[in-house]
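Notes follow once the structure below has been shown.
The values are calculated or read from the model by the stated rules, or taken from the named source; none is laboratory data. Please read all numbers here as calculations on a predicted model, not as lab measurements. Cβ atoms come from the backbone with ideal geometry, glycine included; neighbour counts cover every protein chain shown. Quick note on the areas: whole protein, heavy atoms, side chains included, nothing else; ligands and nucleic acids left out. Shrake-Rupley method; radii C 1.70, N 1.55, O 1.52, S 1.80 Å.
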Amino acid sequence: MSQALWVGKTGLEAQHNRLSVISNNLANASTNGFKRDRILFEDLLYQNIRQAGGQTSQNTELPSGFSLGTGVKTVATQKLHEQGNVLQTQNKYDLAIQGYGFFQVLHPNGEIGYTRNGEFSINGDGEVVNSSGYRLQPNIVIPPDAMTVSIGTDGTVAITTPGDSALTQIGQIQLASFQNPTGLNPIGQNLLMETAASGAPQVGAPGQNGIGTVHQGALEGSNVNVVEELVNMIETQRAYEMNSKAIATMDQMLQYLNNNT
Amino acid sequence: MDRMLYIAMSGAKQNMLAQTANNNNLANVSTPGFRADFASFRSMPVFGNGHPTRAYAMVERPGTDFNPGPLNTTARPLDIAVDGEGFIAVQAGDGNEAYTRAGNLHLTGAGLLLSGSGQPVLGNGGPISLPPASKVDIATDGTISVVPFGQNGGQPQVVDRIKLVNPPLQDIYKANDGLLKLKEGDTLPANANVKVVSGAVEMSNVNIAASLVRMIDLARQFELHVKLMRTADKQADNLGQMMRLS
């Protein structure tokens, strides 16, 4: 059948995928530590109907050929790791990263998950865990008699105990950074996993080696720009309409052919 | 049998091919850096015995529209858009140099800089690799500077410079993989006058209104061809009736 129909179909499919990505971004407009996605398109292969320079006679040749594009495909979705807004919450276990880097938490499958979501709390054993209960790495245990907990911008965790006014350092939060954070694999629960594309993590203390600093009592919000997503949504809808119009037109042409021959 | 039927048929067939080319432009209306294809018809006279009264239609792609597309600002440091004329040099799948306007660059885990469609971006001496870095900047002339890991508040270091070229437009064509290549397979020298904008992506240059109008135009032309086929059929029918001996 006509290839024009299938070319139009690839356009519909691509715009459909794009709308899914936009909806997911909008749905996560208030998920702390969420990084928005962007969908990437590229044109599909071209089909050579007539090669340019083909011989039209013994001593003349075609000045230009005819290669027909076969549509568009979705190549990837890409997380954009821009800084989200930092919100002050005054909760002592809320942490925000200013700059580059990820918190490390221990996923139940034994791997390290990376996250920008700094909504931590402590479990029954005094360990610092994220909202799913996964332990922060390296593990930090807050003693039961701790009166105040303060976390410095360099990640040092210090407490005061009754009868001792001096701060005692009990651990240091370490952050990981990647050569290519876009290559991390999102698995939900605000977690990203290391892949071959992301490169190996470079773990270091906050504020060192270009890694960002940690701020206590603050959270990094989602970096979804709602206005931009709405504009993208309009663009997607119109592009979808145009492609469906292209299919409808081709359909009418074929229908006309059927009815008139 | 009169050849009118075949001429009308060839017109309708070429029309459908042109419609496919137009649909491809519409399908790529949001592909970064996409350049719209033209499709035009040419009459191909047929010479034989008798008068040369027949001319078949033939559709061809005389070229690609190289007008710049709109810029979308993204604020992502690895997104670059060529400002004005020029192209970004990449390494095509066959190892040769090819050119693109799709500047949504990304990195592999090993630090290789790839274009939006996955080809290595060429620098001063072959594909560009970046060291592990906490910050990457691309200057307007394509110079890439990074702040590497392990340097506290370090100075940016120049790593490489993206090869930007500006060939005469009649010397390049769109190959089957969608990349632009030189007609005479040679590499081009880098051109220092090509400028890029960092933090922006150039979108497709498909003119939506023109494509939609062209779609209607082609559909109506197709109907004309079909009508001619119908007329040819009717005429043959009439002839058959006239010649009937009864």
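In region A:1-151, the C-alpha radius of gyration followed by the widest Cα-Cα span (Dmax) gives 26.8, 96 angstrom. Here region A:25-68 and region A:145-164 have alpha carbon centers that stand 58 Å from each other.
Looking at the protein assembly as shown, the accessible area is 47 square angstrom per residue; that uses a 1.4 Å probe and ignores ligands, DNA and RNA.
Find the all-direction average of the projected area of the Cα convex hull for chain B, expressing the result in square nanometres with one decimal place. Write out the running numbers ahead of the final one.
Values: hull surface 73.8 nm².
The number I arrive at for chain B is 18.4 nm².
Could you order B:F38, B:F87 by accessible surface area, starting with the largest, using a probe radius of 1.4 Å?
Details: B:F38 100, B:F87 10 Å².
Accessible-area ranking of B:F38, B:F87, largest first: B:F38, B:F87.
Residue order by solvent-accessible surface for B:K195, B:K227 is B:K227, B:K195, largest first, with ligands and nucleic acids left out and a 1.4 Å probe.
When nucleic acids and ligands are ignored and a 1.4 Å probe is applied, B:D141 ends up with an accessible area of around 50 Å².
If you take all other residues with their beta carbon under 14 Å from the beta carbon of A:Q78, and give Lys and Arg +1 and Asp and Glu -1, the sum is +2.
Relative to the current alpha-carbon distance between B:M243 and B:D171, full extension at 0.36 nm per residue lengthens the span by 20.0 nm. For B:I88, the accessible area of its heavy atoms, probed at 1.4 Å with every protein chain present, is near 0 square angstrom.
Counts of other chain beta carbons within 10 angstrom of each beta carbon in peptide B:209-218 average 2. Compute accessible area for region B:84-108 by itself and then with all protein chains, 1.4 Å probe, and report residues whose area falls by 50 Å² or more. Residues losing area: B:L107.
Taking A:M242, A:M233, A:M147 in turn, the Gaussian network model of chain A (Cα-Cα springs below 10 Å) assigns the largest fluctuation to A:M147. Using Cα springs under 10 Å in a Gaussian network model of chain B, which residue among B:M58, B:M229, B:M44 shows the largest mean-square fluctuation? The residue with the greatest mean-square fluctuation here is B:M44. Mean per-residue shielding of peptide B:219-226 is 4, counting Cβ atoms of other chains within 10 Å of each Cβ. Counting only DSSP H runs of at least 4 residues, each contributing -39500 (n - 2.57), and dividing by the residue count of chain B, the helix-based mean residue ellipticity at 222 nm comes to -8500 deg cm²/dmol. Computed over the alpha carbons of region A:86-220, Rg followed by Dmax gives 14.7, 51 Å.
Calculate what fraction, in whole %, of the accessible area of the protein assembly as shown sits on carbon and sulfur atoms when a 1.4 Å probe is rolled over the protein chains.
Values: 12530 of 23810 Å².
Of all accessible area on the protein assembly as shown, carbon and sulfur atoms account for 53 percent.
The Rg/Rh ratio for region B:1-137 is 1.20, where Rg is the radius of gyration of the alpha carbons and Rh is the Kirkwood radius. Volume per residue for region A:1-78 equals 89 cubic angstrom (convex hull of Cα atoms).
If the convex hull of the alpha-carbon atoms of chain A is projected onto planes in all directions, what is the mean projected area in square nanometres? List each step's numbers first, then the result.
Working: hull surface 87.0 nm².
The directionally averaged projection comes out at 21.7 nm².
Computed over protein heavy atoms with a 1.4 angstrom probe, the accessible surface ordering of B:L105, B:L239, largest first, is B:L239, B:L105.
Highest mobility in the GNM of chain A, judged by mean-square fluctuation with C-alpha springs under 10 Å and restricted to A:Q137, A:Q216, A:Q179, is found for A:Q179.
Each Lys or Arg adds one and each Asp or Glu takes one away; over the other residues whose Cβ falls under 12 Å from the Cβ of A:N180, this sums to 0. Each Lys or Arg adds one and each Asp or Glu subtracts one; over the other residues with Cβ under 10 Å from the Cβ of A:L87, this totals -2.
Taking 2.2 N^0.38 Å as the expected size of a compact globular protein, what ratio does the Cα radius of gyration of the protein assembly as shown give against it, to two decimals? Before the final figure, lay out the partial values.
Details: Rg = 30.0 Å, N = 507, 2.2 N^0.38 = 23.5 Å.
Its radius of gyration relative to the 2.2 N^0.38 Å reference: 1.28.
Rolling a 1.4 Å probe over the protein heavy atoms leaves A:S132 with an accessible area of roughly 50 Å². Legend: calculated FRET efficiency, B:R220 to A:T89, from the Cβ-Cβ distance at R0 = 60 Å, rounded to 0.05, equals 0.40. Distance distribution P(r), region B:71-202, all Cα-Cα pairs, bin width 5 angstrom from 0: 2, 11, 21, 24, 20, 12, 6, 2, 1, 0 percent.
Chain B and chain A together bury an accessible surface of about 5000 square angstrom, both sides counted, with a 1.4 Å probe and no ligands or nucleic acids included.
Computed per residue of chain A from DSSP H runs no shorter than four, each worth -39500 (n - 2.57), the mean residue ellipticity at 222 nm is -8500 deg cm²/dmol.
For the residues of A:2-11, the average number of beta carbons from a partner chain within 10 Å of their own beta carbon is 6.
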